[in-house]
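The values are calculated or read from the model by the stated rules, or taken from the named source; none is laboratory data. On a predicted model such as this, the values are computed, not experimentally measured, just so you know. A quick note on method: Cβ atoms are made from the backbone with ideal geometry, for glycine too, and the neighbour counts reach across all protein chains shown.
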């Protein structure tokens, strides 16, 4: 009986620990892992310039993910900061 109780407590602890959200932190701001994945996807999205050249959005001069309508809402406060581009670049490394 005692072994069953110990096993149940251990299983519950593992379940609770495994269900916690994962966050990515840059300085004093943190974002959910899912939002960072979406940001990276937006910045790495390939655009065909001609059949022999492919460039990512992020390699374009003056590109900012803040201009993208698909940017997760979680990043909107970052767009108001002067260092927004640097934060986005660090998150997408």
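See the values below:
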| quantity | calculated |
| --- | --- |
| Check on residue 56, loosely packed, with under 15 Cβ neighbours inside 10 Å, in contact with a strand residue (DSSP E or B) (Cβ under 8 Å, 6 or more places away or on another chain) and at pLDDT 90 or above | no |
| Count of the range 67-84 residues which are assigned to a helix (DSSP H, G or I) and either under 12 Å from residue 40 (Cα atoms) or modelled with pLDDT of 90 or more (or both) | 8 |
| Residue in the range 31-52 that is more than 18 Å from the chain's Cα centre (by Cα), modelled with pLDDT under 85 and surrounded by 11 or more Cβ atoms within 10 Å (Cβ to Cβ) present | yes |
| Members of the range 11-30 that are farther than 28 Å from residue 86 by Cβ, modelled with pLDDT of 60 or more and surrounded by 10 or more Cβ atoms within 10 Å (Cβ to Cβ) | 11 |
| Given (1) modelled with pLDDT of 85 or more; (2) surrounded by 14 or more Cβ atoms within 10 Å (Cβ to Cβ); (3) assigned to a helix (DSSP H, G or I), number of the condition residue 90 does not satisfy | (2) |
